[in-house]
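What follows is a single structure, and I will ask about it in a moment.
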Amino acid sequence: DDVVSVVTIENNEIVNSALGVDGYVQFSSIRDNKVRNFTGGSGVAITGQLSDSFVERNQVLSYTASRAIQLAAKPNLPLSSDTSFKCNDLTSNLIGVDVAASQTSLTGILFSGNNITGNTIGAVNGGTPFLSAAFNWWGCAAGPGNPGCDQIIGNATFVPFRTAPSGCS
C-alpha cells in the first residue's frame with residue numbers, strides 16, 4: 001500500500017506468522033506485542049517503512065529461520081527514518097536486527113536498551129551508514145562477538161553496551 005498510516009499496534013500476540021507487523025506508518029507506535037514461533041524460512045516479525053515512530057517493549061521470540069526486525073526500502077516509498085527501537089526483547093531468532101542494503105540511510109534510527117540474545121546473528125547491517133546500536137544487551141558482559149554474545153556483521157556503533165540485561169523490556 002502506498003498510503004501512509006498513523007497507527008497504534010499494542011498488546012497483541014502473533015503466533016506462527018511469516019509476517020508479524022508490517023506497514024507504511026508515520027507518527028505511530030508498535031509496543032507491548034509478542035511475536036513468536038515462526039520456524040519457516042523467509043519471514044520477519046516487525047518490518048515496514050517507519051517514520052517518526054516508536055517500536056518499544058515488544059518480544060520477538062523463536063523466528064528461528066527469519067528476522068526479528070528488518071529495515072528494507074520498498075519501491076516508491078521513503079526510507080525508514082527518525083524511529084526509536086527501545087526496550088525490545090529479540091531472542092532465539094536467526095537475525096535479531098537486519099538492515100538491508102536497500103536502506104541506504106539510517107537518519108534518526110536508534111536501537112537502544114534492547115535485549116538482543118540467543119540469536120544466530122544479533123545484527124546485520126548490509127548498508128554503508130552506521131547502525132546506532134549502543135546500550136543494548138548482547139547476551140554477555142563482554143559485548144558483541146565474544147563467547148556467549150550475539151555478533152554484529154557490518155557497520156554498527158555498539159559501544160557502550162549493556163553488561164547486564166535491560167530491565168525495561
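Compute and list, largest first, the equivalent-ellipsoid semi-axes of the chain from the alpha carbon gyration tensor, each √(5λ) rounded to a whole angstrom.
For the chain, the ellipsoid semi-axes come out as 22, 18, 15 Å.
Which whole-Hz couplings ³J(HN,Hα) result when phi for each residue of the stretch 46-61 is put into the Karplus expression 6.51 cos²θ - 1.76 cosθ + 1.60, θ = phi - 60°, listed in order with x for Gly and Pro?
Karplus-based 3J(HN,Hα) across the stretch 46-61 equals 10, 7, x, 9, 10, 9, 6, 10, 10, 10, 9, 6, 8, 10, 10, 10 Hz.
Residue by residue, what Karplus-based ³J(HN,Hα) values in Hz, rounded to whole numbers, does the stretch 105-120 have, using 6.51, -1.76 and 1.60 with θ = phi - 60° and x for Gly and Pro?
9, 10, 4, x, 8, 9, 10, 8, x, 8, 9, 10, 9, x, 8, 4
Please work out the average accessible area per residue across the stretch 16-61, using the 1.4 Å probe convention, and give it in Å².
37
Still on this structure: For the stretch 74-84, in order, what is each residue's ³J(HN,Hα) by Karplus, 6.51 cos²θ - 1.76 cosθ + 1.60 with θ = phi - 60°, in whole Hz (x at glycine and Pro)?
10, x, 6, 10, x, 5, 4, 7, 6, 10, 9
Report the local net charge at residue 143: Lys and Arg +1, Asp and Glu -1, summed over other residues whose C-beta lies under 11 Å from its C-beta.
Neighbourhood net charge equals 0.
Using a/c under 1.5 as the rounded threshold, could you call the stretch 55-141 rounded, prolate or oblate? The axes a ≥ b ≥ c are square roots of the C-alpha gyration tensor eigenvalues, and prolate needs a/b larger than b/c, oblate otherwise.
Cα axes put the stretch 55-141 in the prolate bin.
With a 1.4 Å probe and all protein chains kept in place, how much accessible area does residue 31 have, in Å² rounded to the nearest 10?
Surface accessible to solvent at residue 31 totals approximately 70 Å².
Tell me whether the stretch 1-51 comes out rounded, prolate or oblate; compute the Cα gyration tensor, take square roots of the eigenvalues as a ≥ b ≥ c, and use a/c under 1.5 as the rounded threshold.
Oblate.
What residues have an amide H closer than 5 Å to that of residue 131, excluding those fewer than 5 places away on the same chain, when H is modeled at 1.01 Å from N in the peptide plane?
Under 5 Å from the amide H of residue 131: 156, 157.
Taking 2.2 N^0.38 Å as the expected size of a compact globular protein, what ratio does the Cα radius of gyration of the stretch 84-132 give against it, to two decimals?
Dividing the Cα Rg of the stretch 84-132 by 2.2 N^0.38 Å gives 1.12.
Counting pairs of alpha carbon atoms under 8 Å apart in space and at least six apart in sequence, what relative contact order in percent does the chain give?
Computed value for the chain: 16 percent relative contact order.
Using a ≥ b ≥ c from the Cα gyration tensor of the stretch 39-92 (square roots of the eigenvalues), is it rounded, prolate or oblate, where a/c under 1.5 gives rounded and otherwise the larger of a/b and b/c decides, a/b for prolate?
Cα axes put the stretch 39-92 in the oblate bin.
If I take the Cα coordinates of the stretch 118-160 and project them onto the principal axes, what are the three extents in Å, biggest first?
27, 21, 12
So, one more: For the pair residue 17/residue 104, report the inter-label distance in nm, with labels modelled 7 Å from Cα in the Cβ direction.
Inter-label distance under the simple model: 3.2 nm.
So, with a 1.4 angstrom probe, what is the percent of accessible area on the stretch 25-72 that is carbon and sulfur?
In the stretch 25-72, the share of accessible area belonging to carbon and sulfur is 46 percent.
Any idea what % of Cα-Cα pairs in the stretch 1-94 are farther than 15 Å?
I get 55 percent for the Cα pairs in the stretch 1-94 exceeding 15 Å.
The values are calculated or read from the model by the stated rules, or taken from the named source; none is laboratory data. Being a predicted model, the structure only gives us computed values, none of them experimental. A quick note on method: Cβ atoms are made from the backbone with ideal geometry, for glycine too, and the neighbour counts reach across all protein chains shown. We work out accessible area using only protein heavy atoms, side chains counted, and drop any ligands, DNA or RNA first. Shrake-Rupley method; radii C 1.70, N 1.55, O 1.52, S 1.80 Å.
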